[in-house]
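Encoded as structure tokens, the structure appears first; notes follow it.
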Amino acid sequence: MRRLSRPNAVARIEIWQCDVNGHYLHTRDNNAVADSSFQGFGHAITGSDGVYEFITIKPVPYPGRTPHIHVKAFANDKELTTQFYLNDHRRMIATLSMDVYQMSKKRLWV
């Protein structure tokens, strides 16, 4: 990843998150039945302008965690792992809807 703040083209961005019931598609998450209509993960390749986009459900809380989406970026033989949080998570905790949450026009600057 670059030290200068320029868009990074052709980087791989991966996301993963829990379903609306707070469960991950993972062998170690065996507490309940997972939402079979939710994939739980995805990836995209940034465009020449560094832009990427995902469409997913709104992240939901589960015991001990604020709603979040895990993110991993791969570019220039390096990787960065982080999480996206929502500014208004208290309102979302109250609504817990299955509305589509669009991570639109995000740009990878590295």
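The values are calculated or read from the model by the stated rules, or taken from the named source; none is laboratory data. Since this is a predicted model, take the numbers as computed values, not measurements. All Cβ positions, even for glycine, are placed from backbone atoms using ideal geometry, and neighbour counts span all protein chains on display.
In the stretch 59-110, which residue that is of a type in the set (S, T, N, Q) and at pLDDT 80 or above is farthest from ILE13 (Cα to Cα)? Across the stretch 59-110, the extreme among qualifying residues is THR66. Within the stretch 30-58, restricting attention to residues that are over 17 Å from PHE84 (Cβ atoms) and among the charged types (D, E, K, R), the residue that is modelled with the lowest pLDDT is ASP35.
Could you tell me which of the residues ASP19, ASP35, ASP29, ASP49 is closer than 23 Å to GLU79 by Cα and assigned to a loop (DSSP other than H, G, I, E, B)?
Numbers: ASP19 fails: closer than 23 Å to GLU79 by Cα; ASP35 fails: closer than 23 Å to GLU79 by Cα; ASP29 fails: closer than 23 Å to GLU79 by Cα.
Matching residue, one of ASP19, ASP35, ASP29, ASP49: ASP49.
The set of residues in the stretch 52-71 being free of Cβ contacts under 8 Å to residues at least 24 places away in the same chain and part of a strand (DSSP E or B) consists of ARG65 alone.
Could you tell me whether THR27 is at pLDDT 85 or above, β-branched (Val, Ile, Thr) and surrounded by fewer than 15 Cβ atoms within 10 Å (Cβ to Cβ)?
Values: at pLDDT 85 or above: no; β-branched (Val, Ile, Thr): yes; surrounded by fewer than 15 Cβ atoms within 10 Å (Cβ to Cβ): yes.
Here the answer is no, as THR27 does not meet what is asked.
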